Amino acid sequence: MIRKFVPAAALVTAALLPLAAASLPTAKPEDVGLSSERLTRIHEMIMRHVEAHDISGAVTIVARRGKIVHFEAHGLMDIESAKPMTKNALFRLASSSKPITATAILMLMEEGKLKLTDPVAKFIPEFKNSKVAMEWVRNAVPMTDGGPPAGDHYYTVPANHDITIIDLLTHTSGLASSGITNPDVQKLMQARTATDTLADFIPRLGGLPLDFQPGTRWSYSGLAGFDTLGRIVEIISGVTFDQFLHERLFAPLAMNNTWFNVPEAEQSRMVTIYNRTPNGLQKPANPLRIGSRAYFSGAGGLTSTAEDYLQFAQLLANGGQLNGKRILSPWTVGLMTSNNVGDLFNGQIGRPPKGVGFGLGGEVTVNHVDARLRKPDGSYGWDGAFGTYWWVNRKEQMAVVLFVQTPGRSLQYDFDNAVSQAVIE
């Protein structure tokens, strides 16, 4: 049982740590429309998942009207050493990096340096004259000896248009979206070296056929699409992607614990990744590392704390401004957090069959009743493969963060429920 490796004192200490460490101001929950008593159910819910061996531990934050009303560490950051979770623990963001990359692109859009409708080829010529992969179907096209030509698993036709920046932001590009071209994508990824940069690798993606005609489907481009956006930021800004994010976003937002490459001195704060197995939580034999010291993956390479990420979420809740720094205009944040894909996202990758959409870099709750979700309409966010989860709602002035290092949508639903039931006005 997990109670054997969770010291009772550690659990009590984690639950009662003061809120003063947060950079946003704190408030009594009732002052911003939440219940102090009901917020305690978040800790109770998290510990049920810990005791069920679903997760080792978590950090949770709830903020409303720019003030933190709940900030707790729960359980353990490492089971084997019984190390208690801490509020400043570091989590691998994986795809929770994507909304940050989308923000960088939107900053450049506001400066007039790109349009969302610009073809990617305007900045990376290798993406010009895209082709679309088509599966060989008997009698549909000429075949050799009754089957596809030797060594070919698809043929190509011209794309209806070269992929655009907004195609990448909304996962409607067909670029490396785990479709028919997946074997070729894997070969490219395996050939990438530890010293390859975005400048080295991204042009190689330009010759890859697309999995469908751009704009006609929603299909997740887990790495290629947003890494390509990071390269566009580099080309336009003239600096590496990590430098751009540090200087233009992280420093202004006081996100001082967010990196592509965690400094050696901070490694002890990294939360251990665990996979859920029939025999309990186990460390993966070969933990996935997204990116490298030279390859700054905007698709999934960042590491951060829950508190740092709250600053980013609060930026969006505030309509693009935090700490007296204006990063985006309210209209641009509105565009980012609105459904940009119609009905294309409904039913995708485990999502509800209706009631959800996709903005620029993240999911949007269009109708929480239809979607059977316990968060208000207009909520925007995007989770990560290792368990990071968050959302923001501008109308309700809410920003919430749930960071773990074991994925699981059941936990996310329970967290949303625990947050929602604490709202009393």
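The values are calculated or read from the model by the stated rules, or taken from the named source; none is laboratory data. Since the structure is predicted, the reported quantities are computational estimates derived from the model, not experimental observations. Positions of Cβ are generated from backbone atoms using ideal geometry, with glycine treated the same way; all protein chains shown enter the neighbour counts. Note: accessible area is taken over every heavy atom of the protein model, side chains too, but ligands, DNA and RNA are not part of it. Shrake-Rupley method; radii C 1.70, N 1.55, O 1.52, S 1.80 Å.
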Take the range 39-70 and flag every residue that is more than 21 Å from the chain's Cα centre (by Cα) and under 30 Å from Gly324 (Cβ atoms). Leu39, Arg64, Arg65, Gly66, Lys67, Ile68, Val69, His70
Output for the range 380-413, where each listed residue is within 22 Å of Met336 (Cβ to Cβ) and surrounded by 24 or more Cβ atoms within 10 Å (Cβ to Cβ): Tyr380, Gly381, Thr388, Trp390, Trp391, Val392, Met398, Ala399, Val400, Val401, Leu402, Phe403
Checklist (1) over 21 Å from Leu402 (Cβ atoms); (2) open to solvent by less than 60 Å² (accessible area, probe 1.4 Å); (3) of a type in the set (Ser, Thr, Tyr) applied to Thr337, failing item: (1)
Please specify each residue of the range 58-80 satisfying the condition of being surrounded by fewer than 23 Cβ atoms within 10 Å (Cβ to Cβ) and at positive phi. Arg65, Gly66
Report yes if Leu108 is touching a strand residue (DSSP E or B) at 6+ places or on another chain (Cβ under 6 Å), surrounded by fewer than 23 Cβ atoms within 10 Å (Cβ to Cβ), not in a loop (DSSP other than H, G, I, E, B) and not β-branched (Val, Ile, Thr), otherwise no. no
Just give me the residues in the range 388-407 being assigned to a loop (DSSP other than H, G, I, E, B), over 25 Å from Pro330 (Cβ atoms) and in contact with a helix residue (DSSP H, G or I) (Cβ under 8 Å, 6 or more places away or on another chain), in sequence order. Thr388, Val404
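Which of the following residues is open to solvent by less than 60 Å² (accessible area, probe 1.4 Å), in contact (Cβ under 8 Å) with a residue 24 or more places away in the chain and under 17 Å from Ser219 (Cβ atoms): Leu373, Leu360? Don't jump to the end; show me each part of the working.
Working: Leu373 fails: under 17 Å from Ser219 (Cβ atoms).
None of the others qualify; the one that does is Leu360.
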Criterion first (farther than 21 Å from Leu360 by Cβ, open to solvent by less than 70 Å² (accessible area, probe 1.4 Å) and at pLDDT 95 or above) does Val141 satisfy it? no
Odd one out for Ala265, checked against (1) small (Gly, Ala, Ser); (2) modelled with pLDDT under 95; (3) surrounded by fewer than 15 Cβ atoms within 10 Å (Cβ to Cβ): (2)
